Amino acid sequence: MTDCIFCRIVRGEAPCGKIYEDDRVLSFLDIGPINPGHTLVIPKAHYATLFEAAPEDLCACIAVAEKIAVAVFGAMGAGGLNLLQNNLRPAGQRVDHIHFHLIPRHVGDGFFPNWPAKSYGPGEMEKVLERIKARL
């Protein structure tokens with residue numbers, strides 16, 4: 001896709017703080033970091049979301065994400081690390097090229113201070129299970 005900023009980065013047409021590259025995957029610093037060291041891992045092939053990505057590219061991204069996460073975690077002296085992947089605008093996706101965020105975390109950094117967990121009502125979990133299993 002010619003107008004995708006991540007595809008432009010892959011082709012070398014836009015700059016990035018490159019951390020890692022191989023034949024399938026590119027990793028670079030996020031230009032709008034949650035915390036210093038916030039890194040992105042992307043497949044070089046263009047897929048807008050997880051829903052259309054090839055399994056072999058997803059596997060390659062996760063393998064690289066693990067390697068880069070160890071480096072980011074140690075280099076930034078982090079107390080924790082989030083691996084996030086957003087799909088479509090309601091989930092927070094802002095660039096239409098699948099990407100994985102590696103976000104080093106520190107106590108009191110203000111990102112995700114609370115997990116907004118909810119509870120299922122009586123019988124609701126069973127209905128949700130049925131709906132999901134019917135799509136497999």
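The values are calculated or read from the model by the stated rules, or taken from the named source; none is laboratory data. All figures in this text were calculated on a predicted structure; none of them were measured in a lab. Reconstructed Cβ throughout: ideal geometry from the backbone, glycine too, with neighbour counts over all protein chains shown. For accessibility, only protein heavy atoms count, side chains too; no ligands or nucleic acids. Shrake-Rupley method; radii C 1.70, N 1.55, O 1.52, S 1.80 Å.
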Filtered hits (aspartates and glutamates, Cα-Cα < 17 Å from Lys118, offset >= 8 within chain) -> Glu126
Among residues other than Ala53 whose Cβ falls under 15 Å from its Cβ, what is the net charge (Lys/Arg +1, Asp/Glu -1)?
-2
Would you please name the chymotrypsin sites (Phe, Trp or Tyr not before Pro) within the range 42-131 that are DSSP coil residues with at most 14 other C-beta atoms within 10 Å of their C-beta?
Phe51, Phe111, Tyr120
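Quote the charge dipole size of the chain about the Cα centre in Debye, to the nearest 20; the model charges only the Cβ of Lys and Arg (+1) and of Asp and Glu (-1).
Working: 14 positive and 15 negative charges, 55 e Å.
Using Cβ point charges on Lys, Arg, Asp and Glu, the chain gives about 260 debye.
Any chance you could tell me what percent of the C-alpha pair distances in the range 82-126 go past 14 Å?
67
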Please name which of Ala53, Leu26, Gln85 has its Cα lying farthest along the dipole of the chain towards the positive end, using unit charges on Cβ (Lys, Arg +1; Asp, Glu -1) and the Cα centre as origin.
Gln85
Tell me which residues come under 5 Å, amide H to amide H, from Ala48 once H is placed; ignore anything under 5 positions away on its chain.
Ile98
Which longest run of the chain has no exposed loop site in it, a site being GluC sites (Glu not before Pro) in a DSSP loop with at most 16 other beta carbons within 10 Å, and the site itself not part of the run?
53-136
Kindly express, to the nearest 10 degrees and within the range 0 to 90, the angle between helix 124-134's C-alpha long axis and the longest C-alpha principal axis of the chain.
60
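Could you tell me the relative contact order of the chain? Use alpha-carbon pairs under 8 Å, at least six residues apart, and round to a whole percent. Mind showing how you got there, number by number?
Numbers: 182 pairs, mean separation 31.2, N = 136.
Relative CO of the chain lands at 23 percent.
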Alpha-carbon Rg with Dmax, taken over the range 7-136, Å
16.9, 54
The chain, accessible area per residue, ligands and nucleic acids excluded (1.4 Å, Å²):
64
Within the accessible area of the chain (1.4 Å probe), percent carbon and sulfur:
60
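Which trypsin sites (Lys or Arg not before Pro) in the range 36-136 sit in a loop by DSSP (not H, G, I, E or B) and have at most 12 other Cβ atoms within 10 Å of their own Cβ?
Details: sites: Lys44, Lys67, Arg94, Arg105, Lys118, Lys127, Arg131, Lys133, Arg135; in loops: Lys44, Arg94, Lys118, Arg135.
For trypsin sites (Lys or Arg not before Pro) across the range 36-136 that sit outside H, G, I, E and B with at most 12 neighbouring Cβ atoms in 10 Å, the list reads Arg94, Lys118, Arg135.
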